[in-house]
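The values are calculated or read from the model by the stated rules, or taken from the named source; none is laboratory data. These numbers come from a predicted model, not from an experiment. Positions of Cβ are generated from backbone atoms using ideal geometry, with glycine treated the same way; all protein chains shown enter the neighbour counts. Accessible surface is based on the protein model in full, side chains and every heavy atom, while ligands, DNA and RNA are left aside. Shrake-Rupley method; radii C 1.70, N 1.55, O 1.52, S 1.80 Å.
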Amino acid sequence: MDSSPSTGTPAPADPPGSPEVLPSGGVSPAPTSARPTSARPTSARPPGAAVRALPVAVLAGCAVLALVVGFGPGPLRLPGLPSSGEGTYWALPFARLVGRVASVATLGWLLAAAVLLPAQRTPARRDREPPGADATTAHAGGATTRAGGARAAALPDRAADSRQRPLTSTARRCGRYAADAAVVWVLATLAELVFTLSDVSAQPAGDVLDLRALRSFVASTEQGRALLTVAVLAAVVAIVGRTVTTTTAAGALLAVAAIGLLPPVFAGHAASSGDHAIAVVALAVHILAASAWVGGLLGLLSAVRLPAGSFGPALRRHSRFAAGAAIVTAVSGIGGAALRLGGFSPLWETRYGLLVTLKAVGLIAAVVLGGLLRRRVVARLTAATPTTAAAAGTAGAAGTAGAVGRFIRLAGVELTVLTATLGLAVGLSRTAPPVNDALVSADPTRAMLGYPMPPPVTAVRLAADWRIDWVFLAASVVAAGMYLAGVRRLHVRGIRWPVGRTIAWLCGLAVVVFATSSGLGRYGPVLLSVHMTQHMLLSMLAPIPLVLGAPMTLALRAMRPARAPHRSGPREWLVALLHSWPVRVLTHPALVTVNFIGSLYVLYLTSLLTTLMRNHLGHLYMNVHFLAVGVLFFELLIGIDPLPRRLPHPGRILMLISVVPFHTFLGLAIMAESSLLGADWYGRLVRPWGVSALSDQRTAGAIVWSFGELPTFVVLIVLSIQWSRLDERRTRNRERRIAAAGDVDAELDAYNTYLAGLADGPARRRTAAATGPAVTTGVLTGSGPAGPPTPPVPRRAADDDVAFGGRASAGDDD
């Protein structure tokens with residue numbers, strides 16, 4: 001966001017004659033003698049900051065990697081067995097390093113184009129929240145206003161336009177840089193694919209340059225498929241990057257580049273861990289956060305020629321973003337290292353631990369440099385506006401130019417340190433971890449579950465024998481903290497947020513944690529009945545309080561609008577997301593209903609259950625999917641947050657009742673099934689206690705059959721209350737309109753006149769037949785001399801849209 005977090009002071013605007021930010025109309029004004037002097041002379045901004053810093057950083061990373069590889073064990077050579085040779089031993093890590101640096105550069109330049117740098121100014125237009133927005137507050141100049149009604153509170157100007165705002169010349173140049181870096185990314189990934197095949201097959205690289213061998217490697221190994229996926233995604237960025245002209249396109253390519261970082265995660269060291277899901281998620285978060293941190297810094301170095309009014313706010317935004325990315329990088333890195341090392345002693349007793357320690361030192365040094373950058377440069381540059389620079393004269397311009405010079409030096413050193421740390425990370429990926437999970441236990445049950453077979457299940461153990469799912473626990477803690485921070489921000493502004501919504505949100509998160517981390521999480525992979533209970537809690541119970549917590553409405557109220565008309569912040573991004581076509585598709589009532597019902601059938605009546613249960617990430621995906629589907633379903637029924645479309649209350653009740661028979665039929669089908677569901681999983685588990693797997697399956701079917709009754713009853717009650725309150729609000733609104741009109745209900749009088757005209761119709765027709773058509777001319781308004789009167793069109797109340805979108809005000813909901 002572009003306002004101070006403590007005071008809400010607007011960010012300085014760009015100078016009127018800035019060549020990088022066009023005014024309304026998109027035409028750059030001609031320079032005039034009256035234009036204020038720029039804060040810094042263009043010559044004071046070295047044009048090749050990024051061009052000079054990136055090669056130095058890459059050389060530092062290569063030097064560190066050369067040391068790691070040079071002091072390594074060397075290529076494996078066994079008498080009588082083939083070897084890949086020295087060439088592959090050295091070329092593979094360097095190809096991987098080049099690919100990683102190119103991917104980080106691609107991500108960073110797209111991040112600068114889509115998020116950090118300002119876009120061109122567009123004419124301000126009033127934007128609307130989607131139907132269903134709750135009473136929203138418009139924060140302007142420290143004052144807050146509250147408007148009731150689903151559509152009454154308009155979002156800030158330019159929110160919708162920010163999705164298609166054109167990029168400036170600097171941002172477009174960053175897009176071209178990203179396309180060039182993506183080309184290097186593609187070539188390095190293909191080279192890595194060849195050298196990986198050479199390393200795996202123990203053949204020199206020249207012997208594996210065969211299309212048939214490469215096709216077989218890609219088709220039969222996870223590493224090959226992951227590298228090919230990365231190359232395809234990078235090629236998409238390379239092809240499209242040069243044509244990017246809007247923030248939407250840059251954001252889409254940014255998402256593609258971020259996805260391209262993830263496939264190798266599923267084939268690395270984390271994929272072999274006993275805590276597979278936690279290790280993979282931690283590594284994925286670590287890579288994304290570190291790449292955004294390093295890449296964003298490189299993107300800013302490419303934009304140092306921007307005027308002070310544009311570069312200062314961009315630097316401030318990156319400073320806040322980098323601080324959060326550094327924290328996430330540190331936490332996820334510590335978690336992943338703890339899973340791989342298994343203790344503190346390997347940190348100084350093993351080669352892997354030594355590299356982890358050096359990597360931690362590099363990250364700490366980068367954090368210190370980032371702190372110096374923020375302290376010495378960011379504050380000065382963000383305070384330098386064209387107006388203040390003109391007032392300060394030559395001294396102010398020189399001071400600002402000096403701040404830019406310090407930024408280039410500190411950012412260049414920080415980029416070098418981070419790239420050297422990236423070289424350590426690549427060397428770490430080529431080093432065997434000290435903990436070999438394959439040798440921990442020969443128990444096949446533990447190999448399947450990732451932990452020993454638990455004792456016989458009891459109600460007490462289901463409630464108290466917890467096995468923490470760190471993914472859901474961390475996500476729930478973050479969601480609770482962000483929600484409470486939003487409530488506190490509203491409280492500071494003097495805005496009341498209903499306590500009931502806060503309680504509902506926290507209760508929903510508590511149900512999610514209980515379903516995934518209690519004894520249900522431990523016994524879910526062992527018993528289908530417990531597994532089914534988990535999914536029922538996640539899809540039918542937890543979503544009800546979560547949607548009643550209205551997190552999107554809270555976010556729209558709590559987040560400050562972007563101050564400058566040519567910049568967007570988190571609030572504008574959220575509004576753009578709510579307006580986007582993917583949200584319109586995903587929240588369509590028909591699609592949501594089919595997904596809510598069909599997911600259970602597809603999972604439990606096909607072989608998909610076995611496929612997902614074999615993979616710890618598959619089990620994580622199942623839990624996430626059922627929670628998301630449940631949230632969408634109940635959001636359409638009883639939610640408060642803004643959505644593109646909503647059904648009227650009768651349609652919502654019909655939508656709720658329509659899913660009940662399908663749950664009943666599925667439960668009966670599972671109970672009557674004579675073959676074991678997920679036989680390759682539950683049939684292979686060696687469980688020395690409890691009933692047979694087939695008897696437990698019948699219990700699971702009974703749970704599906706009976707579980708939906710209580711949530712359905714609760715939702716029907718909530719729907720009835722919402723419908724009643726909607727009618728009350730419409731009545732109050734109508735009474736206010738009558739009072740404002742002087743106790744004259746024009747709408748009711750017109751309707752009574754219409755009814756009277758209908759009642760007098762036969763008499764008029766008899767009179768017309770006796771006296772002729774002249775008598776009927778000019779009678780009550782109708783479709784013709786003898787036609788029926790035209791019914792009046794009732795005026796739509798200001799909050800009638802609530803029937804299609806939610807409630808009118810927060811105060812009326814609790």
The range 491-627 - percent relative contact order, Cα under 8 Å, separation 6 or more: 23
Per-residue SASA entry for Arg165, accessible area with 1.4 Å probe, Å² rounded to 10: 0
Distance (nanometres) between label positions extended 7 Å along Cα→Cβ at Leu605 and Arg584: 3.3
Karplus-derived HN-Hα couplings along the range 494-499 (A = 6.51, B = -1.76, C = 1.60, θ = phi - 60°), whole Hz, x at Gly and Pro: x, 9, 8, 10, x, 5
5 angstrom amide H check on Thr246, placed H, neighbours 5+ away: Leu167
Solvent exposure, largest accessible area first (probe 1.4 Å, DNA, RNA and ligands not counted), of Ile495, Ile640, Ile287, Ile717: Ile717, Ile287, Ile495, Ile640
In Å², nearest 10: area of Phe472 left accessible to a 1.4 Å probe: 20
Nitroxide proxy distance, nm - points 7 Å out along Cα→Cβ at Val499 and Ala628: 3.6
Between the range 288-338 and the range 401-424, the alpha-carbon center distance in angstrom: 12
Solvent exposure, largest accessible area first (probe 1.4 Å, DNA, RNA and ligands not counted), of Asp199, Asp207: Asp207, Asp199
Efficiency of FRET from Cβ geometry, Ser692 and Ala213, R₀ 41 Å, rounded to 0.05: 0.30
Kirkwood-type radius of the range 526-684, with distances r between different C-alpha atoms, in Å: 17.7
Separation in nanometres of the label points that stand 7 Å from Cα toward Cβ, at Ile721 and Ala323: 4.0
Residue-wise HN-Hα coupling along the range 104-111, computed from phi with Karplus coefficients 6.51, -1.76, 1.60 (Hz; x: Gly, Pro): 5, 5, 4, 4, x, 5, 5, 5
Solvent-accessible surface (1.4 angstrom probe) belonging to Asp465, in square angstrom, nearest 10: 40
